[in-house]
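The values are calculated or read from the model by the stated rules, or taken from the named source; none is laboratory data. The structure displayed is predicted, hence computed values, not measured ones. Cβ sites come from the backbone with ideal geometry, for glycine too, and all protein chains shown count toward neighbours. Keep in mind that these areas ignore ligands, DNA and RNA; they rest on the heavy atoms of the full protein, side chains included. Shrake-Rupley method; radii C 1.70, N 1.55, O 1.52, S 1.80 Å.
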Amino acid sequence: MIKLIHPVAGALAIATIGTFWLSTVLSELFASHATVATVKSTIPWGFLLLIPALAATGGTGVILAKGLRAGLIGAKFKRMPFIAGNGILILIPSALFLASKAQAAEFDATFYAVQAIELVAGATNITLLALNMRDGLKMKGWLRRKPAGSPEPELRGQLT
């Protein structure tokens, strides 16, 4: 069951963070302040899905690693403190602050500065989680590992 929970929870976490990020960008670029306020007010409610998904991913990952910390497993474990710290120290406080400002219709320089920080931190977490997913897929054999120094598959025939 753990082998099922881990990838499903991880994919759900990436999808949730991606939805937060994309909703923010699209509402800011193409929608009214009322829509932005709705998006920013809804994101903290999404934590009810995101936090358990991240906890399940991390917990099952530790169990699946069986104490190993080398290779791809080690790389995944090295990323996790950055992902967690980014979420706890930047993303959650930013989302709560922005929801409060948006509900008060205070779209000022502070709002946009915090939102810029939030977008960078969110993109960072999406990238780190995607790298963890890629490494997990490699470990399961669903993605081929490229031998060190070998050219990309599409270039192999052209390099002779």
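To keep it simple, each residue is scored yes or no on (1) farther than 19 Å from Ser41 by Cβ; (2) acidic (Asp, Glu); (3) in contact (Cβ under 8 Å) with a residue 60 or more places away in the chain; (4) open to solvent by less than 70 Å² (accessible area, probe 1.4 Å).
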| site | (1), (2), (3), (4) |
| --- | --- |
| Pro93 | no, no, no, yes |
| Leu96 | no, no, no, no |
| Ala104 | no, no, no, yes |
| Phe111 | no, no, no, yes |
| Glu118 | no, yes, yes, yes |
| Gly122 | no, no, yes, yes |
| Ile126 | yes, no, yes, yes |
| Leu129 | yes, no, yes, yes |
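Counting only residues that are in contact with an Asp or Glu (Cβ under 7 Å, 6 or more places away or on another chain) and open to solvent by less than 80 Å² (accessible area, probe 1.4 Å), give me the helices (runs of 4 or more DSSP H) lying completely in the stretch 1-91 with at least 3 of them.
Hits in the stretch 1-91: 71-86.
At pLDDT below 95 and part of a helix (DSSP H, G or I) - does that describe any residue in the stretch 141-153?
Yes, because at least one residue in the stretch 141-153 is at pLDDT below 95 and part of a helix (DSSP H, G or I).
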